[in-house]
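To start, the structure itself, in structure tokens.
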Amino acid sequence: MRLLFALLLMIATTATAVAERRVALVMAEDDYRLVRPLANPIHDGEVMQAALKKLGFEVVLETNRDLRRMRRALDDFRADAKGADVALVYFSGHGVEISGDNRLLPVDADASSLDQMDKTSLPLEEVRDAVAATAKVGLIVLDACRSDPFSGGSGDGRGATSLAKDIADKVKPGLGRVGRAENILFAFSAAPGETAADGTGQNSPFTTALTKYLGTDGLEIRSVLTLVQQEVYDLSRGKQLPYVESGLPKLFFATAAKEQLPERERLLLAMADVTPEMRGEVEQIASDADMPLAPLYGALIGTDTSHLSADSLNARLREAADAFVKVRSEMKTLASDDPQVTELRRQAEEQLSLGAFDGARALLANAADIDNVSRQALKVNFVSRTLSEAATRLPLRRRGARRPRLRHGHW
């Protein structure tokens, strides 16, 4: 029974405080001495610390540590938190796979030779051992970069490839699969070998989504991570898809499921069931139309595609894309000289791009009520007809929901 309660705590909110002990070690590295520094990891660590505290975790934050102090932090975590019910380690910074081994880079990482790289990087295995020794149930979250930290150039990724001659042939551009680990779940910011963005704001896309959805009521941890996965995938327009490897047993709900999740969350969960072939089709059409992915997924999910040929499906999606572009253009007919109308239009455009069609429709109606001149000019067929079915047909992931399929990886 203790294990079952511990699993519940992973997604518990403050209101569901129980006796089990939850502990977290947050490590963030950005001020690298010998490799390209990063902009956001410290900010990521700080927001993760705040999010975990809200969920009742005891949190230790370690920033810009060299290898010796990273190892000391793991040793202290193992000693101080031993016997906890749930242990979580989060790392934000550079990461790399060398000769099949995943390694996290401290601020003093040295890539001048393969021997130096081995001596100055932290094997992920040490993190796993610390978590396994601390609690029966563990969660390891890696927002590790995937671009070249050794080139000295700019980039939007969070991983490592090396320019050192004896390392280059042994380095892969991203963290590799870890294999199943009993009672530990690994959450990666991107699929093995793929790029994860550092972010243009203060936080990475992955950590932004994670802190947004981590405390969602009524969902077990795998569905929470599906929301994170699809949010990052959608907002990156298909460029980044987080990846999960889970050795956890069956999970339970921390709180009673809501009658209905918000429209955006339902769309994200439904997107996880779309086949890789359809994903590719949506991504290509969205790219051709220079539009977000979510509205096309809304149109796709709201349509019975079982009887459609490939050509018919393509035509249906392109019709939806054309409708979206047309409505986006027609929305600009709403008066721009009225600040209230301008703000409502902006909010409607944002909701439409996220696939939150009910919200977009309501905002547009409010704007049109204010702007009587534009009321007749604004046609919202894309929202009110083409996609209105999607909002009512999106499945609600609740108890007993099927596990989502991933384009890369497995649960």
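The values are calculated or read from the model by the stated rules, or taken from the named source; none is laboratory data. Remember, predicted model here, so these are calculated numbers, not experimental data. Because the Cβ atoms are built from the backbone with ideal geometry, glycine has one as well, and the counts that use them run over all protein chains shown. Surface accessibility is based on the protein's heavy atoms, side chains included, excluding ligands, DNA and RNA. Shrake-Rupley method; radii C 1.70, N 1.55, O 1.52, S 1.80 Å.
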- Which of the residues that make up the stretch 198-226 are assigned to a loop (DSSP other than H, G, I, E, B) and open to solvent by 20 Å² or more (accessible area, probe 1.4 Å)? G199, T200, G201, Q202, N203, G215, T216, D217, E220
- Query: What pairs can you find where one residue is in the stretch 286-305 and within 10 Å of F324 (Cβ to Cβ) and small (G, A, S), the other is part of a loop (DSSP other than H, G, I, E, B) and modelled with pLDDT of 85 or more, and their Cβ atoms are less than 8 Å apart, with a gap of 6+ or different chains?
  - Reply: A286/R237; A286/G238; A286/P292; A286/L293
- Query: Do you know which residues across the stretch 74-121 are buried (at least 24 other Cβ atoms within 10 Å of the Cβ), of a type in the set (S, T, Y) and farther than 21 Å from L139 by Cβ?
  - Reply: S121
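Condition check ((1) at pLDDT 85 or above; (2) open to solvent by 10 Å² or more (accessible area, probe 1.4 Å); (3) within 20 Å of G298 (Cα to Cα); (4) more than 19 Å from the chain's Cα centre (by Cα)) across all residues:
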residue: S236; (1), (2), (3), (4): yes, yes, yes, no
residue: P242; (1), (2), (3), (4): yes, no, no, no
residue: A256; (1), (2), (3), (4): no, yes, no, yes
residue: R264; (1), (2), (3), (4): yes, yes, yes, no
residue: L268; (1), (2), (3), (4): yes, no, yes, no
- Query: Taking the stretch 277-327, which residues are surrounded by fewer than 16 Cβ atoms within 10 Å (Cβ to Cβ), in a loop (DSSP other than H, G, I, E, B) and modelled with pLDDT of 85 or more?
  - Reply: D290
- Can you spot a residue in the stretch 362-369 that is at pLDDT below 75 and at negative phi? yes
- Can you name the residue in the stretch 90-107 that is out of contact with any Leu (no Cβ under 7 Å at 6 or more places or on another chain) and assigned to a strand (DSSP E or B) and, of all such residues, is modelled with the highest pLDDT? Y90
- Message: Here is a check on your reading of the model: is V35 under 23 Å from Y213 (Cβ atoms), open to solvent by less than 30 Å² (accessible area, probe 1.4 Å) and hydrophobic (A, V, I, L, M, F, W, C)?
- Response: no
- Message: All but one of (1) part of a helix (DSSP H, G or I); (2) in contact with a Leu (Cβ under 6 Å, 6 or more places away or on another chain); (3) crowded, with 23+ Cβ neighbours inside 10 Å; (4) not aliphatic (A, V, I, L, M) hold for D44; state the number of the condition that does not hold.
- Response: (2)
- Item | Search result, residues across the stretch 51-68 that are free of Cβ contacts under 8 Å to residues at least 12 places away in the same chain and touching a strand residue (DSSP E or B) at 6+ places or on another chain (Cβ under 9 Å) | K53
- Which of (1) within 24 Å of S246 (Cα to Cα); (2) modelled with pLDDT of 90 or more; (3) crowded, with 18+ Cβ neighbours inside 10 Å does K53 not meet, given it meets every other one? (3)
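Looking only at the stretch 63-100, which residues are on the phi < 0 side of the Ramachandran plot, of a type outside the set (A, V, I, L, M, F, W, C) and out of contact with any Gly (no Cβ under 8 Å at 6 or more places or on another chain)?
Those that are on the phi < 0 side of the Ramachandran plot, of a type outside the set (A, V, I, L, M, F, W, C) and out of contact with any Gly (no Cβ under 8 Å at 6 or more places or on another chain): R65, D66, R68, R69, R71, R72, D75, D76, R78, D80, K82, D85.
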- Of the numbered conditions (1) of a type in the set (K, R); (2) open to solvent by 30 Å² or more (accessible area, probe 1.4 Å); (3) modelled with pLDDT under 75, R397 fails exactly one; give the number of that condition. (2)
- Item | Within the stretch 138-150, tally of residues that are farther than 18 Å from M48 by Cβ and either at pLDDT 90 or above or in contact with a Leu (Cβ under 6 Å, 6 or more places away or on another chain) (or both) | 1
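Of these, E349, E330, E343, which one is over 21 Å from M271 (Cβ atoms) and either of a type in the set (S, T, N, Q) or open to solvent by 50 Å² or more (accessible area, probe 1.4 Å) (or both)?
When all the criteria are applied, what remains is E343.
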